[in-house]
Amino acid sequence: MENRSQWGTRIGFLMAAMGSAIGLGNIWRFPYTAYDNGGGAFFLPYLFALLTAGIPLLIMEYTIGHKFRGSAPRSYSKMSKGLEWIGWWQVAVSFVISAYYPIIIAWAIMYAYFSFGQQWGDDPTSFFVGDYLQLSDPGVFGSLVPSVLFPLLLVWAIVFFTLGRGVRKGIEVANKIFIPALVVLFIIIVIRAITLPGALDGLEAFFEPNWSSIMDGKVWVAAYGQIFFSLSIAFAIMITYSSYLPKKSDITNNAFITGFANSSFELLAGIGVFAALGFMAFQNGVEVNEVASSGVGLAFMVFPEIISQMPASEFFGVLFFLSLVLAGLSSMISISETYVAGLQEKFNISRGTSILIGGGLAAVASLFFATQGGLNLLDTVDHFINNYGVALSGLFEVVAVAWFVKSLRDFQSHADGISDIKLGFWWRFCLGVITPAVLGVMMLQNLKSEIT
Ligand code: PHE
Ligand code: NA
């Protein structure tokens, strides 16, 4: 496979990797997770998780992709015949995510439009579930909701178009546009947010350290969980992307850059979101803890209310939802590339055919989430993916590499051969001992909370 696609530039690869990492997790998951797990004190376990698991795993995934030059299934099977299934498991998790992730992007597209005249009115919550999603009883799919379906088709058109143009002309070019644009938009939003009345109360709530929290095991698990999800680790993504790196690539350095860029964006998002929440609390005469939230509720119920109360609502509404769209699209493209590359190599078909089959199946699956029961289905599937899919994927991966095929030394010399920063015992220890232990505890804790 010597004529394998390649990134045109190092920056192109970095933009694509950052594009995958920087997503909804940064904007709507990190701020509340930090706030809820010790505020300012959370940064300690968080940084620890970044340095002992996030970046080490990223280095490992970049090495795997670069060394074996294949999609995740192909790379694992080259590592050891019996491990191909780990690649497919990770691709399958990504496939499932790619069926519901575009729904959220579709909502954000519509909400950018709803920003004109604040069409969500005085009660954004009932507007979202009632008027917009036409949510019906749990378990009932009901009919397709046109105002979700049409933007969803637009999202798929962008994804098909981008993937269809290939790695360099499609994925790389898209990310080189999306990521700088996202950063600019987001900085404007954050500057606006921190200059609103009440912003300081929000920042105080976000940064105030609750030091006793770092004695709590759950807080550490939350920190590792945020890092795994946020860096797109164990989703087959980073292996696929690094398989398109040229022979001479400073893998270790690239991993540090990706990791720190993603965390910087998380910090920025935390500041922006909590400044905005502080403003909302101030406007409504309540405490910040009464309005703090995360996820779908934060973006589509709380933020519309904040936006309505802001000066220049329309402008900032469009900016906020557009930044969700850009962050989401760049992640969505990376998830879809995992199965496009996997199918193409497995069945020896053209890239175009693979996009039509893989993307087509995911697009059809996404229709289930565009029905009146869509939000309930999305919550359920997302819960399983977050609690089991990710932790299991990571566990399979590190245990296989560190304990079964025992390739860490081998990978270390591969990475060291092309990187400035040299890896050492610390790297093998993080991957062979710390990461599997944390992922094991994470699995048990999730199972326990399921039962109780
Ligand atoms: N890393 C992305 C984020 O922080 C989420 C993501 C997970 C993207 C899995 C792709 C695949 O939002
Ligand atoms: Na992220």
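Assorted remarks:
- Test: residue in segment 32-41 that is farther than 21 Å from ILE418 by Cβ, touching a residue at least 40 places away in the same chain (Cβ under 8 Å), assigned to a helix (DSSP H, G or I) and within 13 Å of ligand 1 (Cβ to nearest atom): yes
- Criterion applied to GLY358, GLY328, GLY373 was being within 16 Å of ligand 2 (Cβ to nearest atom) and either in contact (Cβ under 8 Å) with a residue 60 or more places away in the chain or touching a helix residue (DSSP H, G or I) at 6+ places or on another chain (Cβ under 8 Å) (or both), and the one residue passing it is GLY328.
- Selected residue (only one of ALA415, ALA402 is out of contact with any Gly (no Cβ under 8 Å at 6 or more places or on another chain), in a helix (DSSP H, G or I) and among the small types (Gly, Ala, Ser)): ALA415
- All positions within segment 64-92 that are of a type in the set (Lys, Arg) and in contact (Cβ under 8 Å) with a residue 24 or more places away in the chain: LYS67, ARG69, ARG74
- Residue list for segment 290-309, filter: touching a helix residue (DSSP H, G or I) at 6+ places or on another chain (Cβ under 6 Å), in a helix (DSSP H, G or I), under 17 Å from ASP122 (Cβ atoms) and not aromatic (Phe, Trp, Tyr): MET301, PRO304, GLU305, ILE306, ILE307, GLN309
- Flag for GLY285 being more than 17 Å from the chain's Cα centre (by Cα), among the small types (Gly, Ala, Ser) and on the phi > 0 side of the Ramachandran plot: yes
- Subset of segment 102-149 (residues that are out of contact with any helix residue (DSSP H, G or I) (no Cβ under 8 Å at 6 or more places or on another chain) and hydrophobic (A, V, I, L, M, F, W, C)): VAL140
- The one condition in (1) within 14 Å of ligand 2 (Cβ to nearest atom); (2) at pLDDT below 95; (3) of a type outside the set (S, T, N, Q) that GLY217 fails to fulfil: (1)
- Only one of VAL302, VAL288, VAL273 that is β-branched (Val, Ile, Thr), within 16 Å of ligand 2 (Cβ to nearest atom) and out of contact with any His (no Cβ under 6 Å at 6 or more places or on another chain): VAL273
- The conditions of being within 16 Å of ligand 2 (Cβ to nearest atom) and either in contact (Cβ under 8 Å) with a residue 60 or more places away in the chain or surrounded by fewer than 23 Cβ atoms within 10 Å (Cβ to Cβ) (or both) are met by GLU61.
- Figure legend. Inter-residue proximity from segment 148-171: first residues within 13 Å of LEU356 (Cβ to Cβ), second residues exposed (fewer than 15 other Cβ atoms within 10 Å of the Cβ) and modelled with pLDDT of 95 or more, beta-carbon distance below 8 Å, spacing 6+ or different chains. Indicated pairs: GLY164/GLY352.
- When we screen ILE385, ILE434 for residues that are within 20 Å of the chain's Cα centre (by Cα), within 27 Å of TRP85 (Cβ to Cβ) and part of a helix (DSSP H, G or I), the only hit is ILE385.
- Test: residue in segment 171-187 that is of a type outside the set (S, T, N, Q) and assigned to a loop (DSSP other than H, G, I, E, B): no
- With respect to the stated conditions, GLU204 is surrounded by fewer than 19 Cβ atoms within 10 Å (Cβ to Cβ) and either in a helix (DSSP H, G or I) or in contact (Cβ under 8 Å) with a residue 12 or more places away in the chain (or both).
- Residues being outside any loop (DSSP other than H, G, I, E, B) and within 14 Å of ligand 1 (Cβ to nearest atom) - total across segment 1-31: 14
- One residue stands out in segment 381-437 among those that are of a type in the set (Ser, Thr, Tyr) and surrounded by 14 or more Cβ atoms within 10 Å (Cβ to Cβ): the one that is nearest to LEU57 (Cα to Cα), namely THR435.
- Scanning segment 245-289 for residues that are of a type in the set (S, T, N, Q) and not in a loop (DSSP other than H, G, I, E, B) yields THR252, ASN253, ASN254, THR258, ASN262, SER263, SER264, GLN283, ASN284, ASN289.
The values are calculated or read from the model by the stated rules, or taken from the named source; none is laboratory data. Please read these numbers as outputs of a predicted model, since none were measured by experiment. Please note: Cβ atoms are built from the backbone with ideal geometry, for glycine as well, and neighbour counts cover all protein chains shown.
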